[in-house]
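Asker: Starting off with a structure, shown below.
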């Protein structure tokens with residue numbers, strides 16, 4: 001079974017600063033995808049960034065980037081120049097084609113950006 | 001495109017009542033999913049479907065049923081509501097086998113069982 005662990009239940013960061021959210025996962029698969037989703041108070045799940053396991057290059061999307069360490073099974077999210085609108089729950093997720101494209105989510109990290 | 005839509009947004013049920021949560025997508029996605037999110041927790045997969053006429057159980061299927069008669073619709077049925085089913089329910093969809101497997105989520109349905 002796949003497991004996703006987010007060890008930081010809550011974090012805070014000053015506006016304009018940088019913050020890193022941690023995620024580790026456990027799998028025996030080799031072909032998989034990793035995602036970070038954001039869930040603001042509106043509760044809608046919004047994709048932040050995705051990473052294919054076969055790609056060595058870390059994914060980036062504007063202020064968001066990941067540090068993907070495949071051997072260590074680590075997938076952290078770095079948010080640069082934090083903005084008040086980044087305040088949300090962030091979920092790390094794992095998906096493998098070999099398990100019917102099922103997603104496995106971590107328990108989330110609640111991020112608060114402080115003005 | 002409307003994306004993934006869910007109805008209703010909120011619902012209160014009494015123990016033993018039944019209801020159907022509706023989910024529809026207009027992106028021609030083959031894969032559709034139902035999740036539940038309990039307070040302070042991540043999402044747990046209830047059921048998923050890889051195409052019309054095909055459904056499979058996820059992590060927490062007990063107490064629920066699904067059907068997939070069309071590509072667009074994937075309703076979730078609660079037959080005998082129990083307080084343990086109080087949760088927020090999310091429907092999602094994704095492409096299959098394409099260059100992107102991102103899941104697109106609906107806005108959620110908040111269900112309370114009293």
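Asker: Just to be sure I understand, how many residues within the range B:36-65 are touching a residue at least 24 places away in the same chain (Cβ under 8 Å), within 14 Å of chain A (Cβ to nearest Cβ) and either within 13 Å of the chain's Cα centre (by Cα) or assigned to a strand (DSSP E or B) (or both)? Walk me through how you get there before you give the answer.
Answerer: Filtering the range B:36-65 for residues touching a residue at least 24 places away in the same chain (Cβ under 8 Å) gives B:36-38, B:43, B:46-47, B:49-51, B:58, B:60, B:64.
Applying the additional criterion that residues be within 14 Å of chain A (Cβ to nearest Cβ) yields B:36-38, B:43, B:46-47, B:49-51, B:58, B:60.
Remaining after also requiring either within 13 Å of the chain's Cα centre (by Cα) or assigned to a strand (DSSP E or B) (or both): B:36-37, B:43, B:46-47, B:49-51, B:58, B:60.
Final tally of qualifying residues: 10.
Asker: Can you pull out every residue in the range A:101-115 that is assigned to a loop (DSSP other than H, G, I, E, B), in contact (Cβ under 8 Å) with a residue 24 or more places away in the chain and within 14 Å of chain B (Cβ to nearest Cβ)?
Answerer: Initial filter on the range A:101-115 (assigned to a loop (DSSP other than H, G, I, E, B)): A:101, A:106-108, A:115.
Okay, now just the ones that are also in contact (Cβ under 8 Å) with a residue 24 or more places away in the chain, so A:106-108, A:115.
Hits for the range A:101-115 are A:106, A:107, A:108.
Asker: Looking at the range B:18-35 only, could you name the residues that are in contact (Cβ under 8 Å) with a residue 60 or more places away in the chain and loosely packed, with under 14 Cβ neighbours inside 10 Å?
Answerer: B:18
Asker: From A:31, A:98, grab the single residue that is in contact (Cβ under 8 Å) with a residue 24 or more places away in the chain, within 12 Å of another protein chain (Cβ to nearest Cβ) and exposed (fewer than 15 other Cβ atoms within 10 Å of the Cβ). Even if it seems obvious, please write down each step before you answer.
Answerer: On the way: A:98 fails: within 12 Å of another protein chain (Cβ to nearest Cβ).
On inspection, the qualifying residue turns out to be A:31.
Asker: On to the next question. What's the number of the condition residue A:80 fails, among (1) under 13 Å from the mean Cα position of the chain (by Cα); (2) touching a residue at least 60 places away in the same chain (Cβ under 8 Å)?
Answerer: Among (1) under 13 Å from the mean Cα position of the chain (by Cα); (2) touching a residue at least 60 places away in the same chain (Cβ under 8 Å), residue A:80 violates only (1).
Asker: Do we have any residue at all in the range A:59-66 that's within 14 Å of chain B (Cβ to nearest Cβ), crowded, with 20+ Cβ neighbours inside 10 Å and touching a residue at least 24 places away in the same chain (Cβ under 8 Å)?
Answerer: Checking the range A:59-66: not a single residue is within 14 Å of chain B (Cβ to nearest Cβ), crowded, with 20+ Cβ neighbours inside 10 Å and touching a residue at least 24 places away in the same chain (Cβ under 8 Å).
Asker: Listed residues A:73, A:38; which is more than 14 Å from chain B (Cβ to nearest Cβ) and under 16 Å from residue A:106 (Cα atoms)?
Answerer: Values: A:38 fails: more than 14 Å from chain B (Cβ to nearest Cβ).
Of the residues listed, the single one that is more than 14 Å from chain B (Cβ to nearest Cβ) and under 16 Å from residue A:106 (Cα atoms) is A:73.
Asker: Which of (1) in a strand (DSSP E or B); (2) more than 15 Å from residue A:22 (Cα to Cα); (3) without any contact (Cβ under 8 Å) to a residue 24 or more places away in the chain does residue A:55 not meet, given it meets every other one?
Answerer: Here residue A:55 meets the rest and fails (1).
Asker: Same structure, new question: Test each condition in (1) touching a helix residue (DSSP H, G or I) at 6+ places or on another chain (Cβ under 8 Å); (2) not in a loop (DSSP other than H, G, I, E, B) for residue A:29 and report the one that comes out false.
Answerer: (2)
Any read-out appearing in this document is the output of simple, stated calculations on the displayed coordinates, not a laboratory observation. On a predicted model such as this, the values are computed, not experimentally measured, just so you know. Cβ sites come from the backbone with ideal geometry, for glycine too, and all protein chains shown count toward neighbours.
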